[in-house]
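Chemist: Here you go, one structure.
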Amino acid sequence: MNLSESRVNDIAGSIGIEPGTLRDLLADAESRQYKAGEYLFHEATPRLWMGVVEEGEVEIVAGVHGSTKRLATLTRGTAFGEGVMLDDLPHSASAVALTDVAILQISRERFDELRATNPEAFYRMVGHVARRLSTRLRDANRQFAGVGPAITATWRREHDSLGEREIPDSAYYGVQTLRGMENFPISGIPLSHFSHFVRGLAYVKKAAATANKELGVLKPERADAILAACDEIIAGQWHEHFTIDMIQGGAGTSTNMNANEVIANRGLEIMGHRKGQYEHLHPNDDVNRSQSTNDAYPTAIKLGVILTLRDAASALRELRAALEAKGEEFSDVLKMGRTENQDAVPMTLGQEFSAYAVMIGDGIRYIERAGEELHEVNMGATAIGTGINSPPGYSELCTRHLAEISGIPVKLAANLVEATQDCGGFALMSSAMKTAAVQLSKICNDLRWMSSGPRCGLNEIHLPPMQPGSSIMPGKVNPVIPEVVNQICYQIIGTDVTVSMASEASELELNMAEPIIAFNLLFGLTLLRNAAVTLNSRCITGIKANKERCLEYVRNSIGIVTALNPVLGYERSASIAKEALATGGSVYDLVLAKGWMEKEQLDDILSPEKMTEPRSI
């Protein structure tokens with residue numbers, strides 16, 4: 001990062017160190033490039049560096065379970081991650097690139113070196129960092145306090161076709177949402193748990209209002225208020241008012257009305273009215289104009305799934321890169337391959353990890369291809385696909401605006417009647433998730449096998465120790481990270497059955513079971529993303545090879561006899577293997593003793609290094 005002399009002096013003075021010390025730190029820093037949407041680091045992963053934004057913008061977000069809170073936006077020249085100087089605790093938030101960014105990174109090791117060589121300068125910097133973090137903590141507390149539920153001092157009365165109800169005046173939802181909250185206390189997981197889904201609802205409502213305004217069926221001032229409210233929701237505001245349980249009856253009507261009511265009541269405030277004064281902006285007549293739950297809801301699900309899929313794919317790419325790096329690192333580590341848990345033929349540990357990287361790449365490809373199938377939407381279908389209560393041209397116009405607003409290349413389905421009742425795209429997405437989970441779980445199975453021991457197992461690799469493994473057996477350390485990822489994969493595999501049955505549940509013109517489909521797809525992708533982040537940061541990057549143990553297995557294995565087949569034939573090779581197994585002798589010594597091959601030829605054929613790839617004999 002090119003800083004002027006005066007800028008370096010100012011920064012150095014503000015943190016109490018010499019300008020030369022600061023220049024040395026910056027000179028040792030590494031500049032890294034990140035694409036828009038790429039994560040710089042994830043919440044709960046180890047702190048490895050402090051960064052300075054050279055170019056672009058970075059967003060700091062908290063939350064790893066589908067619902068995230070935006071804490072800050074960092075611009076050029078902003079420092080972050082200073083906590084690396086204070087302790088070895090994991091990150092308390094995630095950093096994601098809003099645009100293509102360049103980040104100047106100063107490693108933990110460089111700060112450790114500064115502490116050892118110049119403790120006075122180091123601790124001056126620590127004092128400055130502590131003050132900054134205290135200010136940030138205060139600001140974060142205020143932000144979280146500001147979005148919390150207000151104390152209810154007043155109430156308003158709203159009505160629907162079933163009668164009147166009192167609503168807290170602090171609530172942006174309305175009477176139909178209240179009824180849904182009372183009817184569906186099922187999972188305890190509200191819509192707000194999945195922020196991408198809430199944004200998907202806002203994208204749909206904004207696109208619909210824009211099209212309705214252009215077609216002259218929605219008053220401009222009402223449309224503008226809807227657009228402004230939607231923009232706030234897209235930016236992360238008001239999500240806590242999306243209170244309906246994800247699992248619900250009614251084919252998503254409660255979800256759709258929750259969105260309609262929040263947008264209407266926020267829009268009313270923007271127009272200068274009080275919540276509930278629906279004569280000025282109505283949830284059904286205005287926010288839901290030209291729509292039905294049966295087109296707005298499945299479209300929002302698709303958008304939410306696609307956005308969540310991007311997070312999962314990004315985390316899986318990072319995992320794939322880590323496995324590829326281990327493939328390179330272990331390229332010279334000879335080990336025995338195994339089939340059906342029996343000795344097979346030699347290979348390298350690098351070949352094993354490279355194969356895992358390919359599996360993860362396959363999983364990424366599967367879910368991204370399935371995601372493309374969700375680009376087809378049925379906006380304008382309204383109730384059953386006939387387009388009743390929507391003006392001519394609305395379907396095409398709304399879909400075009402939806403693509404522009406969301407940045408997702410959605411397109412209008414060719415047959416809206418079919419698109420309203422068919423959930424095949426959701427079933428395909430679930431199947432792709434299941435396949436990715438199957439592959440990921442297989443990798444974790446292998447990691448647990450190869451790390452088994454340490455004295456009485458394979459002990460070919462060492463996983464990083466994460467926590468004590470037993471309340472009764474001292475010194476035991478378990479492979480807890482592969483274990484938890486295995487279990488996540490079982491959950492995703494199991495939910496595929498649910499999504500398959502729910503997709504099949506469509507009857508005549510509508511599928512009533514879309515809520516359970518939405519929940520399982522969004523939850524499964526969130527789990528997949530978190531599994532990839534955890535496996536990568538807390539396991540793969542810290543794996544060490546036990547080279548000596550791996551080589552010992554190769555040298556003592558009868559599996560190398562396979563290489564003799566082209567010369568001795570299968571029958572004689574099998575007899576050697578049987579005799580070696582019975583006597584405890586080596587394949588090498590037995591072949592020489594029988595005079596079946598010369599030593600020079602045998603040394604060449606049985607060289608383990610030459611058995612890890614094709615060769616001519």
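The values are calculated or read from the model by the stated rules, or taken from the named source; none is laboratory data. Quick caveat, the model's predicted, so the values are computed rather than measured. In this analysis, Cβ positions are derived from the backbone assuming ideal geometry, glycine residues included, and neighbour counts consider all displayed protein chains. In case anyone asks, the SASA skips ligands and DNA or RNA and just uses the protein heavy atoms, side chains included. Shrake-Rupley method; radii C 1.70, N 1.55, O 1.52, S 1.80 Å.
Chemist: Residues of the range 69-82 being of a type outside the set (Ser, Thr, Tyr), over 24 Å from the mean Cα position of the chain (by Cα) and open to solvent by less than 50 Å² (accessible area, probe 1.4 Å), which ones?
Modeler: Those that are of a type outside the set (Ser, Thr, Tyr), over 24 Å from the mean Cα position of the chain (by Cα) and open to solvent by less than 50 Å² (accessible area, probe 1.4 Å): Gly77, Ala79, Glu82.
Chemist: Kindly evaluate Ala223 against the criterion of being closer than 16 Å to Ala403 by Cα, crowded, with 21+ Cβ neighbours inside 10 Å and over 26 Å from the mean Cα position of the chain (by Cα).
Modeler: In short, no.
Chemist: Let me ask another. Could we say that Leu218 is within 23 Å of Leu522 (Cα to Cα), in contact (Cβ under 8 Å) with a residue 40 or more places away in the chain and of a type in the set (A, V, I, L, M, F, W, C) here? Reasoning before the result, please.
Modeler: Details: within 23 Å of Leu522 (Cα to Cα): no; in contact (Cβ under 8 Å) with a residue 40 or more places away in the chain: yes; of a type in the set (A, V, I, L, M, F, W, C): yes.
So Leu218 fails the test.
Chemist: Have a look at Ile516, Ile488 and point out the one that is in a helix (DSSP H, G or I), over 24 Å from Gln439 (Cα atoms) and touching a helix residue (DSSP H, G or I) at 6+ places or on another chain (Cβ under 6 Å).
Modeler: Within the list Ile516, Ile488, the selection yields Ile516.
Chemist: Yes or no: the range 473-481 includes at least one residue that is out of contact with any Lys or Arg (no Cβ under 9 Å at 6 or more places or on another chain) and buried (at least 20 other Cβ atoms within 10 Å of the Cβ).
Modeler: no
Yes/no per residue for (1) within 30 Å of Leu268 (Cα to Cα); (2) under 32 Å from the mean Cα position of the chain (by Cα); (3) modelled with pLDDT under 95:
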| position | (1), (2), (3) |
| --- | --- |
| Lys302 | yes, yes, no |
| Glu318 | no, yes, no |
| Val345 | no, no, yes |
| Glu352 | no, yes, no |
| Arg365 | no, yes, no |
| Gly371 | no, yes, no |
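Chemist: Return the total of residues in the range 224-253 being aliphatic (A, V, I, L, M) and outside any helix (DSSP H, G or I).
Modeler: Qualifying residue count for the region: 5.
Chemist: On to the next question. How about the range 571-609: which of its residues are open to solvent by 90 Å² or more (accessible area, probe 1.4 Å) and within 48 Å of the chain's Cα centre (by Cα)?
Modeler: Result: Glu609, single match.
Chemist: Across the range 99-125, what is the total count of residues that are exposed (fewer than 15 other Cβ atoms within 10 Å of the Cβ) and under 21 Å from Gly77 (Cα atoms)?
Modeler: Number of matching residues: 2.
Chemist: Scanning for something within 24 Å of Gly371 (Cβ to Cβ), touching a helix residue (DSSP H, G or I) at 6+ places or on another chain (Cβ under 8 Å) and either at pLDDT below 95 or among the acidic types (Asp, Glu) (or both), does the range 275-295 turn up at least one residue?
Modeler: So far as the range 275-295 goes, yes, one or more of its residues are within 24 Å of Gly371 (Cβ to Cβ), touching a helix residue (DSSP H, G or I) at 6+ places or on another chain (Cβ under 8 Å) and either at pLDDT below 95 or among the acidic types (Asp, Glu) (or both).
Chemist: Out of Pro409, Pro464, Pro391, report the one residue that is touching a residue at least 12 places away in the same chain (Cβ under 8 Å) and touching a Lys or Arg at 6+ places or on another chain (Cβ under 8 Å).
Modeler: Result of the check over Pro409, Pro464, Pro391: Pro464.
Chemist: Give Ser500, Ser557, Ser506 a once-over and let me know the one that is of a type in the set (Gly, Ala, Ser), within 30 Å of Gln421 (Cα to Cα) and at pLDDT below 95.
Modeler: It is Ser506.
Chemist: Within the range 311-358, how many residues are surrounded by fewer than 20 Cβ atoms within 10 Å (Cβ to Cβ), part of a loop (DSSP other than H, G, I, E, B) and of a type outside the set (Ser, Thr, Tyr)?
Modeler: 3
Chemist: To continue, here is another question. Please determine, by comparing only the residues of the range 408-436 that are closer than 23 Å to Gly37 by Cβ and touching a Phe, Trp or Tyr at 6+ places or on another chain (Cβ under 9 Å), which one is surrounded by the fewest Cβ atoms within 10 Å (Cβ to Cβ).
Modeler: Ile408
Chemist: Output the residues belonging to the range 59-68 that are at pLDDT below 85, on the phi < 0 side of the Ramachandran plot, surrounded by 17 or more Cβ atoms within 10 Å (Cβ to Cβ) and not aliphatic (A, V, I, L, M).
Modeler: Matches in the range 59-68: Ser67, Thr68.
Chemist: Which number in (1) in a helix (DSSP H, G or I); (2) touching a Lys or Arg at 6+ places or on another chain (Cβ under 7 Å); (3) without any contact (Cβ under 8 Å) to a residue 24 or more places away in the chain marks the one condition that Met501 misses?
Modeler: The one condition Met501 does not meet is (2).
Chemist: Check whether at least one residue in the range 166-179 is more than 30 Å from Ala505 (Cβ to Cβ), in a strand (DSSP E or B) and in contact (Cβ under 8 Å) with a residue 40 or more places away in the chain, and report yes or no.
Modeler: yes
Chemist: Is there any pair with a first residue in the range 525-537 that is on the phi > 0 side of the Ramachandran plot and a second that is assigned to a helix (DSSP H, G or I) and open to solvent by 10 Å² or more (accessible area, probe 1.4 Å) whose Cβ atoms are under 8 Å apart and which are 6 or more apart or on different chains, and what are they?
Modeler: none
Chemist: For Gly267, work out the one condition from (1) farther than 15 Å from Val204 by Cα; (2) out of contact with any helix residue (DSSP H, G or I) (no Cβ under 6 Å at 6 or more places or on another chain); (3) buried (at least 20 other Cβ atoms within 10 Å of the Cβ) it doesn't fulfil.
Modeler: Of (1) farther than 15 Å from Val204 by Cα; (2) out of contact with any helix residue (DSSP H, G or I) (no Cβ under 6 Å at 6 or more places or on another chain); (3) buried (at least 20 other Cβ atoms within 10 Å of the Cβ), only one is false for Gly267: (2).
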